[in-house]
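Student: I have a structure here, written as structure tokens, and I will follow up with some questions on it.
The values are calculated or read from the model by the stated rules, or taken from the named source; none is laboratory data. Just so you know, these numbers come straight off a predicted model, no measurement behind them. Because the Cβ atoms are built from the backbone with ideal geometry, glycine has one as well, and the counts that use them run over all protein chains shown. Quick note on the areas: whole protein, heavy atoms, side chains included, nothing else; ligands and nucleic acids left out. Shrake-Rupley method; radii C 1.70, N 1.55, O 1.52, S 1.80 Å.
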Amino acid sequence: MRIYLPATLDELDETTDGAPVVLAPRRAHAVTAALRAALPEEDDEELEYAAQLAAADDALLLVAGRPHAPQLRLVLSADVPETAVAPVGDDDVAPSLVELRAPVPLNDVVCGHVDEGEAAEDLALAVTGDEAAIERLTERDLLWYDVTELGDIPR
């Protein structure tokens, strides 16, 4: 199952002993039955994009909680077994929201999506609650990086 995992750039650097990077369980986004029901006219690609955008919103919250992390949103696309994911099943959350119950090794990540460096100013304002900055961020596309390029993302 493809999931869209909100993350922070510093999580890609967390091991100092040479061990592989493993991302902790957390809330993520995926193309769920609830998302399909909410957007019945959308095709698979559009549903995946909707799930990625929801993960980008959650990445903003992660960055806000980690002030020492590079101030850019990061969404990692990863393939995990369906048994590693549970639906949230709450009407008050995004229909793409799932609970990731197992750690994700970086080896399971397919690619990453990250803000351009120019978004850092809006991101800094957005984490303080600036509505105009949040709106500008939602209009920005995230840049695509292959998993082999994640270490090269400008910070």
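Student: Here are some conditions: (1) within 23 Å of ALA133 (Cα to Cα); (2) part of a helix (DSSP H, G or I). VAL75 meets all but one. Which one does it not meet?
Tutor: Going through (1) within 23 Å of ALA133 (Cα to Cα); (2) part of a helix (DSSP H, G or I) one by one, VAL75 breaks only (2).
Student: Check off (1) of a type outside the set (Asp, Glu); (2) at pLDDT below 90; (3) closer than 25 Å to VAL21 by Cα for VAL127 and give me the number that stays unchecked.
Tutor: All conditions are met except number (3).
Student: Could you give me the residue pairs with C-beta distances under 6 Å whose first residue belongs to the range 44-62 and is touching a residue at least 12 places away in the same chain (Cβ under 8 Å), whose second residue is among the β-branched types (Val, Ile, Thr) wherever it lies, and which are 6+ apart or on separate chains?
Tutor: LEU47/VAL31; GLU48/VAL31; ALA51/VAL31; GLN52/VAL75; ALA55/VAL75; ALA56/VAL75; ALA59/VAL75; LEU62/THR8
Student: Additional query: Hey, any hits in the range 30-42 for a residue that's closer than 28 Å to GLU121 by Cα, within 15 Å of the chain's Cα centre (by Cα) and not β-branched (Val, Ile, Thr)?
Tutor: For the range 30-42, residues closer than 28 Å to GLU121 by Cα, within 15 Å of the chain's Cα centre (by Cα) and not β-branched (Val, Ile, Thr): absent.
Student: Just checking, how many residues over the range 107-132 are of a type outside the set (S, T, N, Q), assigned to a helix (DSSP H, G or I) and either without any contact (Cβ under 8 Å) to a residue 12 or more places away in the chain or surrounded by fewer than 17 Cβ atoms within 10 Å (Cβ to Cβ) (or both)?
Tutor: Within the range 107-132, residues that are of a type outside the set (S, T, N, Q), assigned to a helix (DSSP H, G or I) and either without any contact (Cβ under 8 Å) to a residue 12 or more places away in the chain or surrounded by fewer than 17 Cβ atoms within 10 Å (Cβ to Cβ) (or both) number 8.
Student: Do you know which residues across the range 10-31 are at pLDDT below 95 and touching a helix residue (DSSP H, G or I) at 6+ places or on another chain (Cβ under 9 Å)?
Tutor: Once the filter is applied, which keeps residues that are at pLDDT below 95 and touching a helix residue (DSSP H, G or I) at 6+ places or on another chain (Cβ under 9 Å), the range 10-31 yields GLU11, LEU12, ASP13, PRO20, VAL21, VAL22, LEU23, ALA24.
Student: Return yes when ARG73 is open to solvent by less than 50 Å² (accessible area, probe 1.4 Å) and basic (Lys, Arg) and no when it is not.
Tutor: Taking the combined requirement at face value, the residue satisfies it.
Student: Between ALA86, ALA64, ALA55, which is farther than 27 Å from GLU135 by Cβ and outside any loop (DSSP other than H, G, I, E, B)?
Tutor: Of the residues listed, the single one that is farther than 27 Å from GLU135 by Cβ and outside any loop (DSSP other than H, G, I, E, B) is ALA86.
Student: Applying the selection to the range 133-155, what residues are exposed (fewer than 15 other Cβ atoms within 10 Å of the Cβ) and either closer than 15 Å to LEU61 by Cβ or hydrophobic (A, V, I, L, M, F, W, C) (or both)?
Tutor: Correct list: THR138, TRP144.
Student: Across the range 37-62, what is the total count of residues that are surrounded by 15 or more Cβ atoms within 10 Å (Cβ to Cβ) and of a type in the set (D, E, K, R)?
Tutor: So the answer is 4.
Student: Only one of (1) more than 19 Å from ASP152 (Cα to Cα); (2) surrounded by 14 or more Cβ atoms within 10 Å (Cβ to Cβ); (3) in contact with a Lys or Arg (Cβ under 7 Å, 6 or more places away or on another chain) fails for ALA86. Which number is that?
Tutor: Against the list (1) more than 19 Å from ASP152 (Cα to Cα); (2) surrounded by 14 or more Cβ atoms within 10 Å (Cβ to Cβ); (3) in contact with a Lys or Arg (Cβ under 7 Å, 6 or more places away or on another chain), ALA86 comes up short only on (2).
Student: Take the conditions at pLDDT 95 or above, closer than 16 Å to ASP10 by Cα and β-branched (Val, Ile, Thr) and apply them to VAL147. Does it pass?
Tutor: No, not satisfied.
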